[in-house]
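Asker: Encoded as structure tokens, here's the structure I'll be asking about.
The values are calculated or read from the model by the stated rules, or taken from the named source; none is laboratory data. Treat the numbers as computed from the prediction; the structure is a model and nothing was measured. Note: ideal-geometry Cβ built from the backbone for every residue, glycine included; neighbour counts use all protein chains shown. These accessible areas exclude ligands, DNA and RNA; they are computed on the full protein's heavy atoms, side chains included. Shrake-Rupley method; radii C 1.70, N 1.55, O 1.52, S 1.80 Å.
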Amino acid sequence: NSTLTEAWKRVIWHQFHDDLPGTSIPRAYEFSWNDELISMKQFANVFTTSVGGVSRALDTQVKGIPLVIYNPVAQPVSDIIEIDIQLAKATNKIAVYNEKGSLVPSQLISSGNGKAKFLVAASAPPCGYVVYDIRTGGNKASSNLKVSENTIENSIYKVTLDKNGDISSIIDKRNQKELVESGKAIRLALFTENESFNWPAWEILKKEMDKAPISITDGVKISVVEEGPVRATICVERRYNESVFKQYIRLNEGGQNDRIDLLTEIDWQTTNALLKAEFPLTVSNSVATYDLGIGAIERGTNTEIAYEVYAQQWADLTDKNQSYGVSILNDCKYGWDKPNDNTLRLTLLHTPKTKGGYRYQDKQDFGHHMLTYSIVGHSGTYRDAKTVLKAEVLNQPMKAFVTQKN
């Protein structure tokens, strides 16, 4: 397909060592963003057209509005999908039925002006399609989800926040296991000095990473923003000087419910700083396992020559006796470190202290960021937990399309 070829060439044009990691001059990114948006539009059009072609061969003669769900993963997947539809009239009730005609859990998020947004617990075959049925009407699905301003709970976990909005406790109810180290919290960890040798945008010094980072505690506001049978969400807002942080801590019921998602929205305006997500855990091991895309590798605790290492979609710390572990999934960040035997850290943003001819980089990473990282507690090893599949589902979620009856 010539459109795919053109779009792909435009994307890989920017896959090089300055453009990709964010170390080009600001002017260069006006071209990058423009090219990426054009290609994303082309990819989306090809994808939508392809699904439309397949949909014409599917049985979409349902009672309500047909919803075609596509699973891009080569394994069966159950997950929560967010749907936007046009409605002839406003409603405060949505009911969704699967391909067998059985009612499935759903949750209306908003409705008005001829539109509705809702969540549905869906399942689809490997690299396949399924047709669901959307109807207006009641859905009295029960759920194990509970949420308040400092706790969120489903059938798998009970998560507790401290006064700063950081996660001070995660109880895995299946195993009666606490995941968070006593007296610590899973948090955004800010390093407020970011010295380098000669190449500020490319270098992170171990002496800086050995310092104790600070928590972000200014302007903390915690609120419940979703509460229903399918998903519950707490929003934590905070700021550091001119930078603003908003984290949505989510638990599902009905698909991927053993995953704690932290959808993180940041307006980054801080110079000479580095931001990590820090995970102090109750499991301990001198090595952790990191995803390489085509395999995985074990690496030890930080050393003088390996204190910021790379991984693709996940890293895992499993106790040395292999009885229990925690996988950290993510959708767009690739730098990690392990300061001790029970802590993993994921690098999120990096604005160096500049020098010489690199003064333009004191605004590196400035602007708006959206990213998600997820916590998965598991018995046994990451293989037992199917961490590779879970990370793929996070990065390649099912897509849903409202279509016509044929």
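Asker: Leaving out ligands, DNA and RNA, what percent of the accessible area of segment 358-406 is carbon and sulfur, probe 1.4 Å?
Answerer: C and S atoms contribute 50 percent here.
Asker: Related question: What does a probe at K89 reach in segment 131-172, counting residues whose amide N is under 19 Å from the point 7 Å along Cα→Cβ?
Answerer: 134-139
Asker: Which of P26, T343, A88 sits closest to the plus end of the dipole of the chain, meaning its Cα is farthest towards the positive end, when Lys and Arg get +1 and Asp and Glu get -1 on the C-beta?
Answerer: A88
Asker: Which chymotrypsin sites (Phe, Trp or Tyr not before Pro) from segment 147-235 combine a DSSP loop assignment with at most 15 other Cβ atoms within 10 Å?
Answerer: Here the chymotrypsin sites (Phe, Trp or Tyr not before Pro) that fit, given the DSSP loop and packing criteria, are F197.
Asker: Tell me, what % of the accessible area of segment 216-327 is carbon and sulfur with a 1.4 angstrom probe? If you can, show how the numbers build up before the last one.
Answerer: Working: 1940 of 4330 Å².
C and S atoms contribute 45 percent here.
Asker: Please give the helix 2-12 orientation as an angle from the longest Cα principal axis of the chain, in degrees from 0 to 90, rounded to the nearest 10.
Answerer: Between helix and principal axis, roughly 20 degrees.
Asker: Which values of log₁₀ I(q)/I(0), to two decimal places, follow from the Debye formula for segment 44-189 at q = 0.14, 0.21 Å⁻¹ with a uniform point scatterer at every Cα?
Answerer: Debye curve over Cα of segment 44-189, log10 I(q)/I(0) at q = 0.14, 0.21 Å⁻¹: -0.85, -1.24.
Asker: With r defined as the distance between the Cβ atoms of S110 and E304 and R0 fixed at 60 Å, what FRET efficiency is calculated, to the nearest 0.05?
Answerer: Given R0 = 60 Å and the Cβ-Cβ separation, E is 0.70.
Asker: Taking only C-alpha pairs under 8 Å that are 6+ residues apart, what is the relative contact order of the chain in percent?
Answerer: Answer for the chain is 16 percent.
Asker: Calculate what fraction, in whole %, of the accessible area of segment 48-91 sits on carbon and sulfur atoms when a 1.4 Å probe is rolled over the protein chains. Write down the numbers at each step before the final one.
Answerer: Numbers: 1180 of 2330 Å².
Within segment 48-91, the accessible surface is 51 percent carbon and sulfur.
Asker: Take the chain, connect every pair of alpha-carbon atoms lying under 10 Å apart with a spring to form a Gaussian network, then pick out the residue of D362, D172, D59 with the largest mean-square fluctuation.
Answerer: Of D362, D172, D59, the Gaussian network model singles out D59 as fluctuating most.
Asker: Take Y310, Y129 and sort them by solvent-accessible surface of the protein heavy atoms, 1.4 Å probe, largest at the top.
Answerer: Y310, Y129
Asker: Also: Report the relative contact order of segment 1-147, percent, no decimals, based on alpha-carbon pairs under 8 angstrom and at least 6 residues apart.
Answerer: Relative contact order for segment 1-147 comes out at 25 percent.
Asker: Let me ask something else about it. Full-extension gain between N272 and D18, please, as 0.36 nm times their residue separation minus the C-alpha to C-alpha distance.
Answerer: Answer, rounded to one decimal: 89.5 nm.
Asker: Just by accessible area at a 1.4 angstrom probe, what is the order of M370, M398 from largest to smallest?
Answerer: M370, M398
Asker: Moving on to the next point. I want to check the label-to-label distance for K221 and Q176. Put each point 7 Å from Cα in the C-beta direction and report it in nm to one decimal.
Answerer: 4.2 nm
Asker: Continuing with this model, one more query. Heavy-atom accessible area per residue, the chain, 1.4 Å probe: how many Å²?
Answerer: Heavy-atom SASA per residue in the chain reads 48 Å².
Asker: Leaving out ligands, DNA and RNA but keeping every protein chain, what accessible area does T136 have, in Å² rounded to the nearest 10, with a 1.4 Å probe?
Answerer: For T136, solvent-accessible area is about 90 Å².
Asker: Follow-up question, since we're still on this one. Sum -39500 (n - 2.57) across every DSSP H segment of at least 4 residues in the chain, then divide by the residue count to get the 222 nm mean residue ellipticity, nearest 500.
Answerer: Dividing the helical sum by the residues of the chain leaves -4500 deg cm²/dmol.
Asker: I've got another one for you. Ranked highest first by the average count of other Cβ atoms within 10 Å around their residues, in what order do 176-183, 372-379, 9-16, 319-326 fall?
Answerer: Details: 176-183: 14.9, 372-379: 21.6, 9-16: 12.6, 319-326: 17.0.
Those peptides, ordered most packed to least, come out 372-379, 319-326, 176-183, 9-16.
Asker: ³J(HN,Hα) across segment 250-260 via Karplus (A = 6.51, B = -1.76, C = 1.60, θ = phi - 60°), whole Hz, x for Gly/Pro?
Answerer: 10, 10, 9, 9, x, x, 6, 7, 9, 10, 9
Asker: Same structure again: Here are a few candidate values for Cα extents along the principal axes in Å: [x] 66, 53, 41; [y] 67, 50, 39; [z] 88, 45, 40. Which one was actually calculated from the structure I just gave you?
Answerer: From the options [x] 66, 53, 41; [y] 67, 50, 39; [z] 88, 45, 40, the structure gives [x].
Asker: Taking the chain as a Gaussian network, Cα atoms linked when under 10 Å apart, which of K207, K117, K390 shows the biggest mean-square fluctuation?
Answerer: In the Gaussian network model the winner is K207.
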